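Student: Before I ask anything, here is the structure I am working with.
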Amino acid sequence: MKGMDDNKLIKGFMNGDYECFQEIVHRYTGKAMALALNILKNKQDAEDACQDTFIRIFNNLEGFDFDKKFKDWFYTIHYHRCIDLVRKKNRFYRFLVKNKNRKTGKQKKEDKVHSIPRKLPRRYLKTLNPKEKTALLLWAQEGYQSKEIGEIMKCSSSTTRVYLYKARKKIKNILENKNDSLQTR
Amino acid sequence: MIRCKLVNILFWLLPINQIRSYLIQKHILQCPHCLEKLASASEVRSLLATENSPETKVDLWPFLKQKLNTPQEKRKSAPFLQKRWAYAAAGILIAFASGFFIFYSLLDHQPKEYLSSSSDIQIQYINVQSQPANTYYYHSPDSDFVFIWAEKN
């Protein structure tokens with residue numbers, strides 16, 4: 001089953017073979033986690049996003065077009081799920097910040113102890129927005145070109161080309177600054 | 001070098017993706033000097049979390065298996081979600097229709113306007129002391145009052 005084509009696995013699953021879907025999950029967990037971690041910056045959120053994506057795929061497999069690549073379809077669903085979560089998270093943080101400003105000193109101290117952890121797996125990537133990160137990852141890891149990235153992100157190839165250019169430039173600056181700071185130490 | 005600088009200036013001066021994309025395709029990706037300023041795929045992979053990063057090694061299957069073990073129930077619930085819109089539309093329609101009828105029934109109970117013209121008055125006959133009497137009526141033009149005068153024959 002490991003060497004099987006994605007589309008064959010899906011057909012197998014649609015014919016009632018549950019193991020085919022298990023193989024899809026194992027095959028795509030790493031890719032899904034990588035994209036989610038880069039966008040959401042938090043392992044727990046990334047896992048939630050991946051689970052949601054797999055459940056959506058499970059429920060919507062009947063709508064899959066077998067003329068297209070499963071990987072593209074998968075990335076399209078997963079990317080939009082991650083972006084939805086980023087928006088929800090941002091709304092929640094804004095609400096939290098608003099409420100924090102209203103609280104008294106004692107409550108503020110308590111909040112510091114129980115504050116939401118904001119982990120950044122790659123702290124240098126703060127300057128990149130989720131769209132730039134997605135474009136970069138799909139380009140660097142999957143070898144996608146701007147047209148394919150545009151189809152996944154539902155935007156034009158010109159826009160993704162600009163995202164990629166800006167992101168690659170920022171990464172280069174980050175790497176150069178990092179090297180400079182290491183040399184001065 | 002001068003061309004590179006010009007392209008860079010144009011890139012930042014014209015924030016239109018089509019123009020920027022054209023500049024990238026026609027110059028930046030072709031020019032070795034400009035390419036030096038962009039990170040390569042391997043450099044990007046060294047910074048981003050990728051498929052091979054340790055933090056991406058998780059086993060989602062046990063949780064998913066639990067969730068997906070009841071596919072029949074999920075499929076059953078899906079038509080209900082679609083029907084929900086039909087129920088909502090029907091509810092709105094019923095509320096609208098009942099509101100319409102209530103409004104009209106209220107209108108019917110309101111007192112009708114006072115007779116304002118002589119054509120609305122019909123007098124069959126008036127008896128005075130069990131005898132038909134001569135009857136006259138007077139409708140003043142500036143008010144809705146009608147005076148009826150009966151005279152014994």
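Student: With label points built 7 Å along Cα→Cβ from the Cα atoms of B:Ile19 and B:Arg84, find their separation and express it in nm.
Tutor: 4.7 nm
Student: In a shell of Cβ-Cβ distance under 14 Å around B:Phe63, excluding B:Phe63 itself, what net charge do Lys and Arg (+1) and Asp and Glu (-1) give?
Tutor: Value of the local net charge: -2.
Student: As an exercise, identify the chymotrypsin sites (Phe, Trp or Tyr not before Pro) in the range A:1-66 lying in DSSP coil whose Cβ has no more than 11 other Cβ atoms within 10 Å. It would help to have the intermediate numbers written out before the result.
Tutor: Values: sites: A:Phe13, A:Tyr18, A:Phe21, A:Tyr28, A:Phe54, A:Phe58, A:Phe64, A:Phe66; in loops: A:Phe64, A:Phe66.
Those satisfying the criteria are A:Phe66.
Student: Long-range amide H contacts for B:Val128: which residues qualify at under 5 Å (H placed 1.01 Å from N, peptide plane, sequence gap of 5 or more or a different chain)?
Tutor: B:Ala133
Student: What does the structure give for B:14-22 when I average, per residue, the other chain Cβ atoms found within 10 Å of the residue Cβ?
Tutor: Details: counts 0, 1, 2, 9, 5, 2, 6, 10, 2.
If you average over the peptide's residues, the count of other-chain Cβ atoms is 4.
Student: Could you give the length gained by full extension between B:Glu36 and B:Leu6, i.e. 0.36 nm per residue of separation minus their alpha carbon distance, to one decimal place? All intermediate terms of the calculation are to be shown ahead of the outcome.
Tutor: Numbers: separation 30, 0.36 × 30 = 10.80 nm, distance 1.68 nm.
Full extension of this stretch gives 9.1 nm more.
Student: To the nearest whole number, what is the average tally of beta carbon atoms from other chains within 10 Å of the beta carbons of peptide A:126-136? Don't skip to the end; give the middle numbers.
Tutor: Details: counts 0, 0, 2, 0, 0, 0, 0, 3, 0, 0, 6.
That average works out to 1.
Student: Per residue of A:158-169, what is the mean number of Cβ atoms on other protein chains within 10 angstrom of that residue's Cβ?
Tutor: Working: counts 9, 4, 2, 10, 10, 1, 5, 9, 4, 4, 9, 5.
Rounded to a whole number, the mean comes out at 6.
Student: Here is a follow-up. So, counting K/R as plus one and D/E as minus one, what does the shell of residues with Cβ under 11 Å around A:Asn129 add up to? Walk me through the numbers on the way to the answer.
Tutor: Working: positive: A:Lys126, A:Lys131, A:Lys133, A:Lys166, A:Lys170; negative: A:Glu132.
Summing Lys/Arg as +1 and Asp/Glu as -1 gives +4.
Student: Could you please report the charge total around A:Asp65, scoring K, R as +1 and D, E as -1 over all other residues with beta-carbon less than 14 angstrom from its beta-carbon?
Tutor: Numbers: positive: A:Lys11, A:Lys68, A:Lys69, A:Lys71; negative: A:Asp6, A:Glu62, A:Asp67, A:Asp72, A:Glu151.
Local net charge: -1.
Student: A 24 angstrom limit on the alpha carbon distance is what I want to check against. Which of A:Lys11/A:Lys147; A:Lys11/B:Lys67; A:Lys8/A:Lys41; A:Lys133/A:Lys154 exceed it?
Tutor: On the way: A:Lys11/A:Lys147 28 Å; A:Lys11/B:Lys67 21 Å; A:Lys8/A:Lys41 33 Å; A:Lys133/A:Lys154 15 Å.
With Cα atoms farther than 24 Å apart: A:Lys11/A:Lys147; A:Lys8/A:Lys41.
Readers should treat all values here as calculations from the given coordinates under stated rules, not as data from a laboratory. On a predicted model such as this, the values are computed, not experimentally measured, just so you know. So basically every Cβ, Gly included, is an ideal-geometry build from the backbone, and we count neighbours across all protein chains shown.
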